[in-house]
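Values quoted throughout were computed directly from the atomic coordinates according to the rules given, and no laboratory measurement underlies them. Note that the coordinates shown come from a computational prediction; the quantities given were computed from them, not determined experimentally. Backbone-built Cβ (ideal geometry, glycine too); neighbour counts: all protein chains shown.
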Amino acid sequence: MKKDIFKQFILDFQERDLSHVLPREIDIPIDLDKSISLVGVRRSGKTFILFSIVKQLKKNGIDSKNILYINFEDDRLYPLSLSDLNILLETYYELFPQKKKEKVYVFFDEIQNVPGWEMFVRRVLDTENCRIFITGSSAKLLSKEISTAMRGRGITYEIFPLSFKEFLTFKNIDRDNHTSAGLAKIKNAFNDYLLRGGFPEVIHYDSDIYTRTLQEYLDLIMYKDIIDRFKLNNKQLLKYLMKFCFVNVSKLLSPNKLFNDLKSQGLRLSKNTIYEYLGYLEDAYGAFTLPIYSSSVGEEMRNPKKIYSVDIGFKRVMDYSFKKDTGYLYENIVFLELRREMKDIFYFKKKQEVDFYFIKGEHPNLINVSYDIDNPATRQREITGLMEAMDYFSIKSGLIITSEAEEEIKENNKHIQIVPLWKWLLYPSARGTKKALRP
């Protein structure tokens, strides 16, 4: 019976219309002799990136019969076992025996639902002329697990919800239209992005459906990606920590303070439990933590980390007063834009705090984020903090990201560029000076 189901799936997908699939701003190699794995938070668009690759293959002249796609979350396939994967491949070659001598592009969506899948994928890579693409929920297909399973034969790409560039594409807004009307559309779309975040499914939903959908996403992360995976018993603690993290985006997170707060509420737990649960949330790509930059590992461990959400929409559904925290949302968006490109990002603090320090290419980069710098005290604080950090790292340039302000400051042989966030997200020319902040 499984063979009949597989035959139907294989043939149905080869006739599937993918003309509606929009490209994402991520470059996935399509002809590499390794498995390509896409991991990330649920509903971030991994399946549609697979569809986009299929669409590109067909555009490049690849015959539909050379493409095999299966979604292992289809209920008609359950229960699943390792032997089913062998049956699937046998079924495909029975349908198209001539393809044994040709290159076949194989797409396994949510393959982690098949126990022992990694052994099968490894064998196919070694014995068949196949290119294999895999997606899976972040809770069961983390990059460290892929590396172990594939033993050097796999490459993992992290998939995030839509960037602002992608958001404009999905909204059919021309980001290169610099007319007054074009820029007005872009700015209006940015306000929508700030309100909704970047989960692809919800960007056109009305407010009620949007909220219900994101709450469903949160439940999926909590139950399927954390509680089920790690066999957790303390659901109350996890729920509290998730709300705390998503409400307090871009703020310092002290597990010790959290422990004392929870203890005062009568909860019995250890500090290690808090660290473990926060780690599980990071493993599920729900949230990220940012350490302080220090040459001392001990100092880095002693200092609190900053917490960021994988999508600012989670703050909206968990915190009804989110409009008061626009500056923190701005900072979270900047973090996500940087995190799409790199993992080694820090905040820096001496007398003043700088929001982001990272190295791009060979050059240290510094960014402060401040929604409004009209207040002279705020403006001076942001500039002074950057100047102090620029002295520390012996660099001459830095960046301040704001809502509207745009100017250049030259002082003491140093250069600070001030740029609106929407523009920084869209245009390389707004990313900084020649030796800093070029993506």
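Structure data summary
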{"item": "Helix 2-14 vs. the chain, principal-axis angle (Cα, 0 to 90°, nearest 10)", "result": "60"}
{"item": "MRE, 222 nm, helices only [DSSP H, n ≥ 4, -39500 (n - 2.57), over the chain, to nearest 500]", "result": "-13000 deg cm²/dmol"}
{"item": "Amide H partners (placed H, <5 Å) of F133, local residues excluded", "result": "I36, V106, F107, F108"}
{"item": "Helix 271-283 axis, angle to the chain major axis (alpha carbon atoms, nearest 10°)", "result": "60"}
{"item": "Residue-wise HN-Hα coupling along the range 34-43, computed from phi with Karplus coefficients 6.51, -1.76, 1.60 (Hz; x: Gly, Pro)", "result": "8, 6, 10, 10, 10, 10, x, 5, 4, 6"}
{"item": "Dipole magnitude of the range 156-296, debye to nearest 20 (Cβ charges: Lys/Arg +1, Asp/Glu -1, about Cα centre)", "result": "560"}
{"item": "Lys/Arg +1, Asp/Glu -1 at C-beta; the chain dipole; positive extreme among P291, F167, S52", "result": "P291"}
{"item": "Three-way shape label, the range 36-125, alpha-carbon gyration tensor, a/c 1.5", "result": "oblate"}
{"item": "For the chain, with +1 on Lys and Arg beta carbons and -1 on Asp and Glu, the positive-most of L68, G361, L258 along the dipole", "result": "L258"}
{"item": "Charge dipole magnitude, Cβ of K and R +1, D and E -1 - the range 345-430, Cα centre, debye nearest 20", "result": "280"}
{"item": "Over 20 Å [Cα-Cα, the range 345-430], rounded percent", "result": "28"}
{"item": "In degrees, nearest ten, helix 235-247 long axis to first principal axis of the chain (Cα)", "result": "60"}
{"item": "Distant-in-sequence amide H partners of T156 (H built 1.01 Å from N, under 5 Å)", "result": "S37"}
{"item": "Cross-link reach list, aspartates and glutamates versus K305, counting only Cα pairs under 17 Å and skipping chain neighbours closer than eight places", "result": "E276, E282, D283, E331, D344, E353, D355"}
{"item": "Options (i) 26.0; (ii) 23.3; (iii) 23.8 - which one matches Kirkwood radius over Cα pairs in Å as calculated here", "result": "(iii)"}
{"item": "Electrostatic dipole magnitude of the range 2-159 [Cβ: Lys, Arg +1; Asp, Glu -1; Cα centre; debye, to 20]", "result": "240"}
{"item": "In the range 1-45, the trypsin sites (Lys or Arg not before Pro) that fall in loop regions by DSSP, at most 15 other Cβ within 10 Å", "result": "R16, K34"}
{"item": "Percent RCO, i.e. relative contact order, over the range 45-197, from Cα pairs under 8 Å lying at least 6 residues apart", "result": "20"}
{"item": "The range 309-371: GluC sites (Glu not before Pro) in DSSP loop, at most 16 other beta carbons within 10 Å", "result": "E341, E362"}
{"item": "Amide H within-cut-off set for R42, under 5 Å, with H built and near neighbours excluded", "result": "S138"}
{"item": "³J(HN,Hα), Karplus 6.51/-1.76/1.60, whole Hz, each residue of the range 62-67, x for Gly, Pro", "result": "6, 5, 4, 5, 8, 10"}
